[in-house]
Each structure stands twice: as structure tokens, then as C-alpha cells.
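Derivation of every value follows stated rules applied to the coordinates shown; laboratory data play no part. A quick note: this is a predicted structure, and the numbers were derived from the prediction, not measured. All Cβ positions, even for glycine, are placed from backbone atoms using ideal geometry, and neighbour counts span all protein chains on display.
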Amino acid sequence: MQRKVFIAHANAIFGKVGRIASKKVVLQLIISKCIPILLYGLEACPLVKSDLAALEFVINRFFMKLFKTNNIDIVKSCQLHFNFDIPSALWVKRVKRFNEKFSATNNTFCKITESSRVHVMFV
């Protein structure tokens, strides 16, 4: 579901400014408006490699559209050049922050469930 919404929003941005704005501007809009949609709530979910690969596939396809290429090496190079964090790296950061906040909370329910809760492991 989140991937479909991400694609819809990314295509809307691309359709409005993709041809006239610089690649950097388009990517900044994607980072600020669409990536949160793609990753919404996932820090509370244990994801496996295939889940993360599916998220990265969506991002890679958008890069292919933006840079008019089907070459994954070019896509990876562009991601590196524009300092674009892939979803798996962002997810790891979000999980770490979530676990820290969850452990530090004073909420009684969270304290009770923390002892029985399995912390999300990094892939």
C-alpha cells in the first residue's frame, strides 16, 4: 500500500516539476515529501531482506525514470552522487531511534510490554 502511495506522489511531483526543475530539486522534494510516506510506521515492524529489497526497487525505478536509464549501475552512481540514502539505510536509522525512544519512555504500558517485546534486529 505504501509503495503505491509513494509512486502516486512521486509521479505527481515528477509530472509537475520533473521536466523544468533540476534533478537535485526533484530529489529533495522526493526526500521530503515521498520517502516519509514509503517508510511510514516501518520502524515498528521487523522487516526481512526481501521487504527492504522491495522498497529499494521502488526507489531504483524512480531513479531510472528521473535519469532516463535502465542501468542499475548508473542509478547507484546517481544515488551516491546526490548523497541519497536508500530505504534500508534509512530504516536502520529509524529503527534505532524508535528503540531508543521506546526504551526511554515513562509510559507504563510501554514499560510493561518492553520486557516481553523483541527488539527489531538489523538485517
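In region 62-74, the residues that are farther than 15 Å from ILE86 by Cβ and without any contact (Cβ under 8 Å) to a residue 40 or more places away in the chain form no Cβ pair under 9 Å with any partner that is exposed (fewer than 14 other Cβ atoms within 10 Å of the Cβ) and basic (Lys, Arg), whether six or more places apart or across chains. Can you tell me which residues in region 10-28 are farther than 11 Å from LEU66 by Cβ and within 14 Å of the chain's Cα centre (by Cα)? Listed by number, the list holds a single entry, GLN28. Considered as a group, the residues in region 36-81 that are within 14 Å of PHE14 (Cα to Cα) and within 14 Å of the chain's Cα centre (by Cα) include one that is surrounded by the most Cβ atoms within 10 Å (Cβ to Cβ), and that residue is ILE59.
VAL58 passes every criterion in (1) out of contact with any helix residue (DSSP H, G or I) (no Cβ under 8 Å at 6 or more places or on another chain); (2) closer than 16 Å to ILE30 by Cα apart from (1). If you go through region 10-37 and pick out every residue that is among the charged types (D, E, K, R) and in contact (Cβ under 8 Å) with a residue 40 or more places away in the chain, you end up with 2.
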